[in-house]
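Once you've had a glance at the structure underneath, I'll fire off some questions.
Throughout, read-outs are computed from the coordinates displayed, never taken from laboratory work. Every value quoted in this text rests on a predicted model; they were computed, and no experiment measured them. Glycine gets a Cβ as well: all are built from the backbone with ideal geometry, and neighbour counts include every protein chain shown.
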Amino acid sequence: MTIKTRFAPSPTGHLHVGNIRTALHNWMFAKKEGGTFLLRLDDTDAERSKEEYVDAIRADLQWLGLSSDEEARQSGRFDRYQEQFETLKAAGRVYPAFETSEELELRRKILLGQGKPPIYERTALVLTEEQIAGFEAEGRKPHWRFKLDHDKPIEWNDLIRGDQHFDAALLSDPVIRREDGSWLYMLPSTIDDIDMEITHVVRGEDHVANTAVQIQMFEAFGAKTPIFAHEALLVGAEGKLSKRLGSLGVSGFRDRHIEPQSIVALLARIGTSDPVEPIADIERLVETFDFGRFGRAPARFDDEELAQLNQKIVHQLDYDAVKDRLPEAMGVDGWNVIRPNLHDMGEVDRWWQVVTGPVAPVEFSSEDSDFLMAARTALEDLEWSDTIWKDWTSALKASTERKGKSLFMPLRQALTGLDHGPDMNALLPLIGRDSVMSRLFTAAK
Ligand code: GLU
């Protein structure tokens with residue numbers, strides 16, 4: 001059996017970190033199994049679906065490295081939904097209902113008031129021909145419900161949640177189609193999962209109750225039910241559902257200079273029994289992917305953890321992976337010198353300026369100024385080479401009283417304007433002789 005997963009966002013907004021995580025797990029599982037990853041755009045809602053979001057979803061997945069093998073759009077499949085709707089109608093599995101939302105809401109409140117579960121009571125099924133004719137004469141149009149089979153237990157073995165049981169009699173027959181003929185999520189999704197031969201449905205646990213209903217839809221069509229995996233929800237570092245996470249997406253990550261590899265490494269592992277590790281190679285993450293390691297407790301998304309992971313990932317990035325984002329003059333040597341100092345790629349320019357100058361002026365004591373002048377003279381006598389820092393500081397150690405910090409710090413400050421930063425040994429050849437000389441001169445003045 002060829003494995004096929006799907007990620008099915010509605011293009012009514014940007015992807016947020018929660019659905020990025022779902023996309024990632026679908027993608028990883030498909031890759032691990034040598035299967036296919038489908039991007040399905042659930043765009044039945046013509047009013048709220050926007051082409052700009054479709055483009056943004058594709059671009060975000062691309063940026064994350066989660067490109068799809070196939071793409072489908074629900075808006076192109078209305079004929080097929082109509083056809084399958086007729087099939088269910090002929091089988092008596094859908095029925096028209098005429099209640100207004102006010103009537104339904106009132107009924108709900110009454111049931112709750114009586115301490116009963118607010119399940120739809122199938123009043124539409126006991127309407128007489130005359131009552132229906134009456135509604136139609138009033139110009140009322142029906143919405144449509146799927147008729148659950150109350151005698152059939154609903155069971156599945158969830159790859160994350162284990163054995164699941166639902167009593168169909170405790171569920172409301174879901175509305176699948178509105179008065180105006182437009183589709184709600186439930187039925188088109190099932191028809192697509194069947195037609196597109198989806199083998200594994202991986203989504204958030206907020207869909208568990210939908211799955212119970214959809215299983216009966218698969219059965220009503222005589223189709224094989226896919227395997228389900230419902231992952232625990234994503235919560236903020238404080239352990240609560242967070243509004244902020246609902247709006248945190250790729251553009252927010254990019255603004256914070258977070259690498260796609262860092263997001264992938266974090267989202268691949270939080271909520272699982274595997275540790276979060278700075279693994280920049282997605283293939284390595286794929287190898288360890290296993291629904292059996294997913295927990296039932298919510299997965300915590302911690303910005304601080306992401307920032308730290310990102311720093312470790314940046315320190316692993318090869319020049320080739322980043323060169324398009326570096327100043328042209330930097331070259332591989334420049335990258336290797338500044339890389340260990342970066343928290344994120346947003347700091348590249350700041351550190352590169354230590355090489356190119358100008359550097360921040362530092363106030364020196366008169367002893368330090370004298371020392372810097374002497375150091376400059378000593379440097380004039382030395383042959384400039386890749387080992388110049390060592391040659392120079394050894395010479396100064398011999399010719400002055402200074403050693404350790406009192407020797408190195410004024411030089412670092414004079415040459416970089418900072419008291420910490422890249423390895424001077426590697427930095428000096430990049431700064432170059434002329435700039436070193438003039439920075440020493442300026443500092444000593
Ligand atoms: N469009 C649905 C959603 O975004 C898809 C859910 C599913 O994976 O079936 O919630």
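What list do you get for PHE166, PHE146 if you sort them by fewest beta carbons within 10 Å?
Result, fewest neighbours first: PHE166, PHE146.
Separate question: If you take every residue apart from ARG203 with its C-beta less than 10 Å away from the C-beta of ARG203, what net charge results, scoring Lys and Arg +1 and Asp and Glu -1?
For residues surrounding ARG203, the net value is -2.
Straight-line reach from LYS4: which aspartates and glutamates fall under 17 Å, measuring Cα to Cα and dropping same-chain residues less than 8 apart?
GLU33, ASP69, GLU70, GLU71, ASP158, ASP192, ASP193, ASP195, GLU197, ASP290
Using a cut-off of 24 Å between alpha-carbon atoms, which lysines can reach LYS323, once sequence neighbours fewer than 8 places away in the same chain are excluded?
Hits, sequence-local ones excluded: LYS312.
Can you give the % of DSSP beta bridges in the chain that are antiparallel, to the nearest 5?
Restricted to the chain, the bridges split so that about 45 percent are antiparallel.
What whole-number distance in Å separates the alpha-carbon centres of the range 217-255 and the range 299-360?
Their Cα centres are 32 Å away from one another.
List the aspartates and glutamates whose Cα lies under 13 Å from the Cα of LYS390, skipping any in the same chain that are fewer than 8 positions away.
Those aspartates and glutamates meeting the cut-off are ASP423.
Rank these for me by crowding, LEU148, LEU125, going from fewest to most other beta carbons within 10 Å.
Ranking LEU148, LEU125 by Cβ neighbours within 10 Å, fewest first, gives LEU125, LEU148.
Among LEU39, ALA23, ALA168, whose Cα projects farthest towards the positive end of the dipole of the chain, with charges put on the beta-carbon of Lys, Arg (+1) and Asp, Glu (-1)?
Positive-end residue among those listed: ALA168.
Out of PRO410, ILE431, GLY421, whose Cα points farthest toward the positive end of the dipole of the range 397-440 (charges: +1 Lys, Arg; -1 Asp, Glu; placed on Cβ)?
After comparing all options, I get PRO410.
Which log10 I(q)/I(0) values does the chain give at q = 0.08, 0.11 Å⁻¹ under the Debye formula, counting every alpha carbon as one identical point scatterer?
Those come out to -0.63, -0.93, one per q.
With +1 assigned to the C-beta of every Lys and Arg and -1 to the C-beta of every Asp and Glu, and no other charges, what is the dipole magnitude of the range 1-77 about the Cα centre in debye, to the nearest 20?
For this selection, approximately 340 debye.
Taking just the alpha-carbon atoms of the range 297-445, what radius of gyration and Dmax come out, in angstrom?
Gyration radius and largest Cα-Cα distance of the range 297-445: 18.0, 67 Å.
Per residue of the chain, what 222 nm ellipticity follows from adding -39500 (n - 2.57) for every DSSP H run with n ≥ 4, rounded to the nearest 500?
Result for the chain: -14000 deg cm²/dmol, rounded to the nearest 500.
In what sequence do LYS141, LYS31, LYS405 fall when counting other Cβ within 10 Å, fewest first?
So the residues, fewest neighbours to most, are LYS405, LYS141, LYS31.
Same structure, new question: First obtain the Kirkwood hydrodynamic radius of the range 246-316 from its Cα pairs, then insert it into the Stokes-Einstein equation at 37 °C and 0.692 mPa s, and state the resulting D in µm² per second as a whole number.
Stokes-Einstein gives a translational diffusion coefficient of 260 µm²/s.
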